[in-house]
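The values are calculated or read from the model by the stated rules, or taken from the named source; none is laboratory data. Worth saying up front: this structure is predicted, and the values here are computed from it rather than measured. Positions of Cβ are generated from backbone atoms using ideal geometry, with glycine treated the same way; all protein chains shown enter the neighbour counts. Side chains included, ligands, DNA and RNA excluded: accessible areas come from the protein's heavy atoms. Shrake-Rupley method; radii C 1.70, N 1.55, O 1.52, S 1.80 Å.
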Amino acid sequence: MSVKNGLVSLSNLTTMENLSTEEVMALIKRAQAHKSGTAEFNLPKQTFASNLFFENSTRTHHSFHIAERKLGLDVLEFDAQASSISKGETLYDTVLTLCALGVEVCVIRSGVEHYYEELVNSENITCAIVNGGDGSGQHPSQCLLDLMTIYEEFGRFEGLKIAISGDLTHSRVAKSNMMMLKKLGAKLYFTGPAAWYSEEFDAYGHYANLDRILPELDVHMLLRVQHERHSSGEVFSKESYHRQFGLTEERARLLKPTAIIMHPAPVNRDVEISDNLVESPQSRIVQQMSNGVYTRMAILEAIMQKQNEIKQEKNLKVVGASISGAISSNLETIV
């Protein structure tokens, strides 16, 4: 991965751990350029992308689709239920097939954590892999659109006080965001049920009482309660969760006027956040969704940038080999 002339080139995007702060800032600024309409990007030839979603999705799936279309990519539709996956084909063999057909980038969401490792480590998988979410693991494109939204608001990360609140253990959003926000210099707090907090978060911030820290916050980032990933543990009614851990209207009044409210969505209104706050003046939830398109355009552009570099290197090797062969042949003739 590298940054050249403000453009990032990425072989794959599977986890935020693989991105430097320089690359993150370049992606944010490129996304802003797409949003303002000042970015130009021309594909050298017809390019195919495919979105393989094995978990339900509205925002991520459709914003990748729109980003692909805005960039001029041809989108090969993929329906998991209508594919050979239903016949027992593995994800690896499905991606191998798509690569053989000419697909150059696969955006994949799977309930299996680290599903991408087998794909990116295979010499036979030639298409780029973009992780659209892996179980409770990582969600890099959501992290980048969150970062873009924060940067638009404050123009910096250093010194910002940010609380990530809710179902921490099961949230890939929390895990991606805490890694990069820490690198960028933000001070992190974690709030929510103690049963959904684990020691892995200690390296990035600390567990706090929400009511005590609200007046200090610049960003309050809420997380959905992911019932589909709960096998056991503490159970709350909607009312009790909202009362104990949610952003109620009473709690929102404790926020600074300059503080913003964020949520990756889908939102459970009156659970993690009061219904009246979802579209309030301090909320950036709708803006996050809009920014998702431009962030994903920047990601896909970076992927295609790398693909083009690889093709150019191969072409140079072919030309070099041809020249070398011709020289050798001429020398033999002279001798």
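If you sort His227, His206 by accessible surface, 1.4 Å probe, largest first, the order is His227, His206. Based on protein heavy atoms only, the chain ends up with 47 Å² per residue of surface accessible to a 1.4 Å probe.
Pop the C-beta distance of Glu117 and Glu249 into the FRET formula with R0 = 41 Å and round what comes out to the nearest 0.05. For Glu117 and Glu249, the calculated efficiency is 0.40. Here segment 3-137 exposes an accessible surface that is 45 percent carbon and sulfur, computed with a 1.4 Å probe and the other protein chains kept in place.
Rg then Dmax, both in Å and based on the Cα atoms of segment 3-137: 15.2, 46.
Once backbone amide H atoms are built at 1.01 Å from N, Tyr207 has Phe190 as its partners under 5 Å, excluding neighbours fewer than 5 places away on the same chain. Note: segment 180-321, Cα convex hull, 176 Å³ per residue.
For the chain, the longest principal axis of the Cα atoms and the long axis of helix 21-36 meet at an angle of about 90 degrees. When both bridge partners sit in the chain, DSSP labels roughly 10% of those beta bridges antiparallel. Anything over 23 Å Cα to Cα? Flag those among Lys45/Lys311; Lys187/Lys256; Lys87/Lys306; Lys4/Lys187, in the order listed. From Lys45/Lys311; Lys187/Lys256; Lys87/Lys306; Lys4/Lys187, over 23 Å: Lys87/Lys306; Lys4/Lys187.
Applying Stokes-Einstein at 10 °C and 1.306 mPa s to the Kirkwood radius of the chain, computed over alpha-carbon pairs, gives a translational diffusion coefficient of 74 µm² s⁻¹.
Put simply, the amide H of Ala186, placed in the peptide plane, has neighbours under 5 Å in Gly159, leaving out anything fewer than 5 places away on its chain.
If R0 is 25 Å, the Cβ-Cβ spacing of His206 and Thr258 corresponds to a FRET efficiency of close to 0.60. Between the listed residues Leu52, Leu71, Val105, the Cα displaced farthest toward the positive end of the dipole of segment 3-137, a dipole computed from Cβ unit charges relative to the Cα centre, is found at Leu71. The GluC sites (Glu not before Pro) found in segment 16-95 that occupy coil by DSSP, while having at most 14 further C-beta atoms within 10 Å, are Glu40, Glu77, Glu89. For Asp79, Asp74, the ranking by accessible surface with the largest value first comes to Asp79, Asp74, using a 1.4 Å probe. For Ser283, the residues 5 or more places off, or on other chains, whose built amide H falls under 5 Å of its own are Ile261.
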